[in-house]
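The values are calculated or read from the model by the stated rules, or taken from the named source; none is laboratory data. Since we're looking at a predicted model, the values are computed, not measured. Cβ sites come from the backbone with ideal geometry, for glycine too, and all protein chains shown count toward neighbours.
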């Protein structure tokens, strides 16, 4: 998917991600994007239904592809409560389609929406994978796994959601995001993939490490990199409001 995005204009996709999350309608004019490639991709996912999609529905689907996917370097050893049933179910079901997610990737409210969305996609796409374009991107071995992926039961979904929400990112209270250098940059860049995290969620040293890690993940996701100055501004803003600074 990310290879496909490199030909579609990542800036456009990011804008559409934000719009879709906010429930906004797509732009009036067609952006400069490789629509033919995207329509081929969607056609393999949805068969003839993709061609019949309303324009707004198609753009919201485009917006959901790309950034925000779990990083490749998060493993089962990194999961909180590693022996819990929720952690075990994540390892069984989530890795069928993408890398293992960290509960800290999103807030509790975001996980409720994302789990519902992923379940809907899994049930909708269960028998629609296997076209030549997607197979060419992921390979036949991975495709064989995708086409035989199992959908969790409702009780299992509930268990995973409770686990994710219990260990979720602490969302910032607007009152704690006081004015200061780096505030607008922090809100702008972090909101691309998730809600703004609370500065109280980590220590000053902890924020330095997280910002450094996020810089790497941003590059990995083919997004516009943070400059040294931007990264320092974001880290500085969070350090000044962190716990135990």
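Yes/no matrix, rows are residues, columns are (1) surrounded by 17 or more Cβ atoms within 10 Å (Cβ to Cβ); (2) more than 23 Å from residue 101 (Cβ to Cβ); (3) free of Cβ contacts under 8 Å to residues at least 24 places away in the same chain:
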site: 161; (1), (2), (3): yes, no, no
site: 168; (1), (2), (3): yes, no, no
site: 185; (1), (2), (3): no, yes, no
site: 202; (1), (2), (3): yes, no, no
site: 220; (1), (2), (3): no, no, no
site: 242; (1), (2), (3): yes, yes, no
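Residues being more than 14 Å from the chain's Cα centre (by Cα), in a loop (DSSP other than H, G, I, E, B) and modelled with pLDDT under 90 are entirely absent from region 113-125. Going through (1) outside the structural domain of residue 102 (by TED's automatic domain parsing); (2) surrounded by 15 or more Cβ atoms within 10 Å (Cβ to Cβ); (3) without any contact (Cβ under 8 Å) to a residue 60 or more places away in the chain one by one, residue 209 falls short only on (2).
Scanning region 71-112 for residues that are farther than 17 Å from residue 158 by Cα, out of contact with any helix residue (DSSP H, G or I) (no Cβ under 8 Å at 6 or more places or on another chain) and part of a helix (DSSP H, G or I) gives 77, 78, 95, 104, 105.
Residues considered: 141, 157, 151. Of these, the only one that is assigned by TED's automatic domain parsing to the domain that holds residue 86 and not in a helix (DSSP H, G or I) is 151.
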